[in-house]
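Student: Please find one structure pasted underneath; my questions will follow.
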Amino acid sequence: MKLSKSVWQTYKEVPAEAQIPSHQLMMRAGLIHKLGSGLYTYMPFAYRTVRKIEQVVREEMDKVGGQEILMNVVTPGELWQESGRWEKMGSLMLKFLDKADRDLCISPTNEEAVADVFRSSVKSYKQLPVNLYQINTKFRDEIRPRFGLMRAREFTMKDAYTFHMDYECLDREYEKIYQAYENIFTRLGLKFSVVEADAGAMGSKESKTHEFQVTAETGEDIIIFSDEAGYAANVEKADTKRVNLEFDKIGGELKDVDTPNMGTIEDVCNFLKKPEHHSIKSLVYSAITGEDEEIVLIQLLGDDELNELKLKNFLGCEEVVPTPENKLAKLGLPKGFIGAVDLPQPMRVIFDQAIDLDAFYVTGGMKPDLHKENFCPNKHVKEKDVVDLRLARKGDLTPDGKHVVDEKKGIEVGHIFQLGDKYTKAMDVKILDQNGKSMHPLMGCYGIGVTRVMAAAIEQNHDENGIIWPKEMAPYDLYFALIGKSDEIKETADGIYEELKAAGFDVLFDDRKAGPGFKFKDSDLLGLPIRVVLGERDFKEKGELEIVIRRTNEKLFVKKEELISKLKELYAQY
Ligand code: ATP
Ligand code: MG
């Protein structure tokens with residue numbers, strides 16, 4: 001590509017909303033154009049990268065038996081009604097009516113569509129397992145679209161779906177795709193972790209699910225891990241244990257203690273000179289499903305936080321939200337002083353399993369400025385649930401209790417999930433088994449955020465001057481810059497450009513009328529692996545061209561005759 005003919009343009013300023021390096025650099029490097037909130041146009045160079053990522057994904061999916069199809073961006077509402085997700089998907093699904101008043105939506109995901117494809121095309125167990133995948137546009141009306149391509153509303157996803165007769169077969173395919181994902185992200189030059197993910201309330205015991213997380217400071221996900229233990233889980237799912245705690249087992253009689261204006265655990269524990277885990281934190285939550293709302297009281301150790309997803313999974317409701325303050329007041333629950341004793345009305349009380357139910361704690365006194373000492377769950381609360389509700393954190397122990405875990409941040413680029421018969425049952429997708437009996441096949445689904453991968457790669461690979469593309473996804477291999485004005489040198493440059501292309505390189509030829517400073521800045525910003533400079537003076541005096549390695553900034557000069565072989569060597573090492 002000759003830059004003089006390209007629409008490419010770089011920018012000095014970035015919009016204030018671009019908060020993370022990948023977003024800023026993609027805007028500065030003119031890779032994406034913002035069309036609207038969470039809507040980005042991939043400009044030519046970005047689109048080359050998208051296609052390179054897609055190619056790697058395609059090759060690895062094909063290797064494990066994937067059959068590529070292209071489903072629709074628009075899906076009929078009927079299919080979602082069948083699966084029961086028309087309402088459940090909530091506001092992230094963009095719905096609309098066609099001119100005949102039929103429900104449609106822009107696909108946020110395609111389980112329903114693929115189940116429909118499957119039921120019309122596969123009839124017998126002999127055809128299984130089947131792996132159907134596509135690379136297509138998705139739309140999710142995200143609550144907070146941000147960080148450019150990282151959390152866009154419209155984005156490109158590779159989504160694959162497998163179908164099976166039994167869990168053994170599903171497990172086998174799952175393992176194969178797990179391996180394919182490792183190959184994909186390794187080939188793309190990313191540092192990543194595979195972590196246990198949350199299977200949701202619907203996930204059965206057998207359901208495995210993993211996320212592929214690119215490690216980066218700006219990641220929105222927290223990974224709890226121990227390398228020695230080979231343990232890694234999304235904090236949403238992590239069921240780590242607290243290190244052995246000393247509880248107050250002596251206690252005494254339940255008694256009131258005045259705590260004027262002490263509405264936080266910290267204040268109360270400082271005042272009573274107790275460690276925070278000798279207190280109970282009480283949280284009131286609304287568990288919502290459709291129109292139904294149940295108020296529940298959560299009990300955690302004073303220094304623990306609630307994992308809302310664990311609560312939601314346990315209750316099996318659609319949503320959990322902290323009950324708003326005005327509602328608390330109406331229920332007679334004094335914020336900051338709530339406890340499980342003297343509840344103004346019957347309410348489900350759920351204890352986190354880290355709490356020693358026979359120990360004694362400080363807890364809210366159910367009146368403003370009042371706490372109670374010597375609250376003992378087993379003594380004072382008759383009916384209770386005990387489940388794992390706390391949010392895992394650094395310093396905890398792995399679930400087997402043997403290793404201390406640490407925390408790091410990650411960007412979810414891939415997610416694989418065993419769905420079981422959830423969709424095939426709901427949509428009554430059937431297939432004949434060995435005995436001619438019809439059954440609901442099991443499904444797996446496997447996503448990769450193709451455009452998020454591009455952003456994640458930049459998060460991991462950049463410096464103060466710009467992007468440093470991993471070579472598999474660089475828009476071009478070489479940035480070839482001409483510094484010189486004479487017709488003669490232009491002709492030489494044209495010749496070299498053709499030779500480089502003929503040697504198999506993707507070449508971006510900077511033949512613009514601009515000075516070296518300008519060109520090198522753009523070249524660093526765009527971040528192609530290798531820069532080749534044909535400088536008129538050096539070339540005339542010594543017959544040499546300059547090579548600059550983007551990642552290391554290493555510079556060397558080569559004779560024109562050695563250029564191709566040297567570049568091949570350097571590119572292979574990159
Ligand atoms: P997140 O938790 O980040 O919202 P998700 O778990 O909802 O993602 P999945 O349904 O697992 O996403 O979708 C598969 C993949 O699609 C994700 O692993 C991610 O890489 C990508 N993806 C999801 N949402 C977006 C988005 N808004 N913008 C870009 N990529 C996305
Ligand atoms: Mg996910």
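The values are calculated or read from the model by the stated rules, or taken from the named source; none is laboratory data. Fair warning: this is a prediction, and the values are worked out from it, not measured in the lab. A quick note on method: Cβ atoms are made from the backbone with ideal geometry, for glycine too, and the neighbour counts reach across all protein chains shown. Side chains are part of the model used for accessible areas, which takes the heavy atoms of the whole protein and leaves out ligands, DNA and RNA. Shrake-Rupley method; radii C 1.70, N 1.55, O 1.52, S 1.80 Å.
Student: Determine if segment 510-524 includes at least one residue that is open to solvent by less than 30 Å² (accessible area, probe 1.4 Å) and of a type in the set (Asp, Glu).
Tutor: yes
Student: Regarding residue 170, is this residue in a loop (DSSP other than H, G, I, E, B) and touching a residue at least 24 places away in the same chain (Cβ under 8 Å)?
Tutor: In short, no.
Student: Are any residues in segment 241-255 in contact (Cβ under 8 Å) with a residue 60 or more places away in the chain and surrounded by fewer than 12 Cβ atoms within 10 Å (Cβ to Cβ), and if so, which ones?
Tutor: 243, 249, 250, 252, 253, 255
Student: Would you be able to tell me the number of residues in segment 76-111 that are within 16 Å of ligand 1 (Cβ to nearest atom), part of a helix (DSSP H, G or I) and out of contact with any Lys or Arg (no Cβ under 7 Å at 6 or more places or on another chain)?
Tutor: Qualifying residue count for the region: 7.
Student: So is residue 387 of a type in the set (A, V, I, L, M) and crowded, with 17+ Cβ neighbours inside 10 Å or not?
Tutor: Taking the combined requirement at face value, the residue does not satisfy it.
Student: Residue check: is residue 330 over 35 Å from the mean Cα position of the chain (by Cα), open to solvent by 40 Å² or more (accessible area, probe 1.4 Å) and either farther than 21 Å from residue 279 by Cα or basic (Lys, Arg) (or both)?
Tutor: Taking the combined requirement at face value, the residue satisfies it.
Student: Now for a different question. Under 6 Å by Cβ, and 6 or more places apart or on different chains, what pairs join a residue from segment 505-522 that is at negative phi with one that is open to solvent by 40 Å² or more (accessible area, probe 1.4 Å) and not aliphatic (A, V, I, L, M)?
Tutor: 507/501; 509/2; 511/2; 511/4; 512/4
Student: So is residue 527 under 19 Å from residue 463 (Cβ atoms) and open to solvent by 40 Å² or more (accessible area, probe 1.4 Å) or not?
Tutor: So residue 527 fails the test.
Student: Moving on. Evaluate the following for residue 373: is it exposed (fewer than 15 other Cβ atoms within 10 Å of the Cβ) and in a strand (DSSP E or B)?
Tutor: So residue 373 does not fit the description; no.
Student: Could you list all residues from segment 456-469 that are more than 16 Å from ligand 2 (Cβ to nearest atom) and either touching a residue at least 24 places away in the same chain (Cβ under 8 Å) or buried (at least 23 other Cβ atoms within 10 Å of the Cβ) (or both)? Don't jump to the end; show me each part of the working.
Tutor: The initial filter retains those residues of segment 456-469 that are more than 16 Å from ligand 2 (Cβ to nearest atom), namely 457-469.
Listed by number, the residues that qualify are 457, 458, 459, 460, 461, 462, 465, 466, 467, 468, 469.
Student: With a cut-off of at least 3 residues that are over 22 Å from the mean Cα position of the chain (by Cα), name the strands (runs of 3 or more DSSP E) lying wholly within segment 386-488.
Tutor: Strands (runs of 3 or more DSSP E) meeting the threshold: 478-483.
Student: Which residues, taken from segment 126-146, are in a loop (DSSP other than H, G, I, E, B) and near ligand 1 (Cβ under 9 Å from one of its atoms)?
Tutor: 140, 142, 145 - these are the residues of segment 126-146 that are in a loop (DSSP other than H, G, I, E, B) and near ligand 1 (Cβ under 9 Å from one of its atoms).
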